[in-house]
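*Asks:* Below is the structure I would like to discuss, written out as structure tokens.
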Amino acid sequence: MVKARRPAWKRYIYIIIPLGLASIWLWRFLNNAESTDLQALLQNLPKEITQSIDSASQQKQDASMVEMFEKLSADLLQKQDEQLQKFEKERRALEKRIQDLKQPSPHASLRENLALIFEYRPSYRFPAFLWQTWPYSDTDGRMDPVLQSYERHWGDKNPGFVHEIINDDAASALVHYMYSAIPQVVEAYELLPSANLKADFFKYLILLARGGVYADIDTDALQPVPNWIPENVSPREIGLIIGIENDASNPDWRSNYVRRLQFCNWVIQAKPGHPVVREVVARITEITLERRSEGELRMNLRNDLNIMGWTGSGIWTDVVFTYMNDYVQSGILSKITWKEFHKLEVPKLVGDVLVFPQSSFNAPEKDSMDKDSDSNKALHFATHSGLKSWKAGPKIGDEE
């Protein structure tokens, strides 16, 4: 009897199943071996490599911390600046309110009331104001093209300054506003019989109340205002900056000047409330009111000496010397005379008044400069053409 044969596929099952089990076992064995080898490899790495990895990670963390700290510092500084600006704004507003509340006493003198309302603070900075006067608007066609170029130069060389050209109407309005609490000053200003006298008086009035730089319209800026103060002098030590107008070297100086050595008043820089400016305002006010009471307001305004002695560089020079010789105000023990500034070649600080040589605010024209003047060119701050347009005005006898 022949036995039946088993199907072929059954025979293959007995072969495939053991092979599959063997493959699975081998795969698991190899994986475990690789993992074990990798762990062993990592454990056997040199210490320098592991330390380098740790150091890089630490540096990354440190850099992140520094970046966070810098950002925090910047935020704090910004908030601090904003807070300081807020405090400064509030302080100025408070000072303005206090200033508005100040009322002169009816029993106080003119000088006491001026000192009360326009307080002098030596430690404060020079205000960034630039004042000029002209009878009409600076865009008026009657202004000479040369004067227009001068006016532009002042503004171009001092971009951070508030530059104002004050015409006659605006000047009168400002005087009435700033000195409303001191009617004697307003009265004296209105009594002055000439627009040129008023313009002269106005320069002191605006400097006393607001401070800054005053420059006649016929002056031309050669250097920015911040260049005026020498590097070895602190602005906190200075309250007034002036220059010499004339340093007479011949005996007939009296025919052209009131004093042998005069300080110019066509360019002045002052801090608000400076005692020299306050005193010249008081003197002009008193002289004008006295002239009114004596019937001497009307005079020949074509005479330079009359102008100099009333509102010009003559009375200005007298007040400056009086201040320098007042120990209580200037702190100077020795007597100061014109000889202290005779042939002055470098700036000289007397008390808190900085005096510049004659060429500083009356620099020679470029065409007339010689070798000697070039050596002092660093002190040439402005030129003065001295147009004296007031001489072309009508005679006082013709005015109504």
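*Asks:* Return yes when Phe129 is modelled with pLDDT of 95 or more, among the aromatic types (Phe, Trp, Tyr) and touching a Gly at 6+ places or on another chain (Cβ under 6 Å) and no when it is not. Talk me through it step by step, then tell me what you get.
*Replies:* Values: modelled with pLDDT of 95 or more: yes; among the aromatic types (Phe, Trp, Tyr): yes; touching a Gly at 6+ places or on another chain (Cβ under 6 Å): yes.
Considered against the rule, which asks whether it is modelled with pLDDT of 95 or more, among the aromatic types (Phe, Trp, Tyr) and touching a Gly at 6+ places or on another chain (Cβ under 6 Å), Phe129 comes out as yes.
*Asks:* Looking at the structure I just gave you, is Arg302 surrounded by fewer than 16 Cβ atoms within 10 Å (Cβ to Cβ) and either part of a loop (DSSP other than H, G, I, E, B) or among the aromatic types (Phe, Trp, Tyr) (or both)? Reasoning before the result, please.
*Replies:* Numbers: surrounded by fewer than 16 Cβ atoms within 10 Å (Cβ to Cβ): yes; either part of a loop (DSSP other than H, G, I, E, B) or among the aromatic types (Phe, Trp, Tyr) (or both): yes.
Answer is yes for this residue.
*Asks:* Let me ask another. Under 7 Å between Cβ atoms, at least 6 apart or on separate chains: pull out the pairs that start in the range 315-326 with a residue that is closer than 16 Å to Ile241 by Cα and without any contact (Cβ under 8 Å) to a residue 12 or more places away in the chain and end on any residue that is among the β-branched types (Val, Ile, Thr) and outside any loop (DSSP other than H, G, I, E, B).
*Replies:* Sorted first by the residue in the range 315-326, then by its partner, the list stays empty.
*Asks:* In the range 205-264, which residue that is acidic (Asp, Glu) and more than 25 Å from Glu151 (Cα to Cα) is modelled with the lowest pLDDT? Break it down into steps so the answer makes sense when it comes.
*Replies:* Let us first name the residues in the range 205-264 that are acidic (Asp, Glu), namely 216, 218, 220, 231, 237, 245, 247, 252.
Retained after the next criterion (residues that are more than 25 Å from Glu151 (Cα to Cα)): 231, 237, 247, 252.
Working: Glu231: 91, Glu237: 94, Asp247: 94, Asp252: 85.
Ranking the candidates gives Asp252 first.
*Asks:* Taking the range 125-151, which residues are loosely packed, with under 12 Cβ neighbours inside 10 Å and touching a Pro at 6+ places or on another chain (Cβ under 9 Å)?
*Replies:* Arg125, Arg142
*Asks:* Please work out which residue is surrounded by the fewest Cβ atoms within 10 Å (Cβ to Cβ), limiting yourself to the range 234-275 and to residues that are in contact with a Leu (Cβ under 7 Å, 6 or more places away or on another chain) and closer than 19 Å to Leu197 by Cα.
*Replies:* Result: Val258.
*Asks:* State whether the residues of the range 218-226 include one that is surrounded by fewer than 23 Cβ atoms within 10 Å (Cβ to Cβ) and in a strand (DSSP E or B).
*Replies:* Step one: filter the range 218-226 for residues surrounded by fewer than 23 Cβ atoms within 10 Å (Cβ to Cβ), giving 218, 220-224, 226.
Among the residues that remain, those that are also in a strand (DSSP E or B) are: 220-221.
Yes; the residues of the range 218-226 include at least one that is surrounded by fewer than 23 Cβ atoms within 10 Å (Cβ to Cβ) and in a strand (DSSP E or B).
The values are calculated or read from the model by the stated rules, or taken from the named source; none is laboratory data. A quick note: this is a predicted structure, and the numbers were derived from the prediction, not measured. Here the Cβ is made from the backbone with ideal geometry for all residues, glycine too, and neighbour counts use every protein chain on show.
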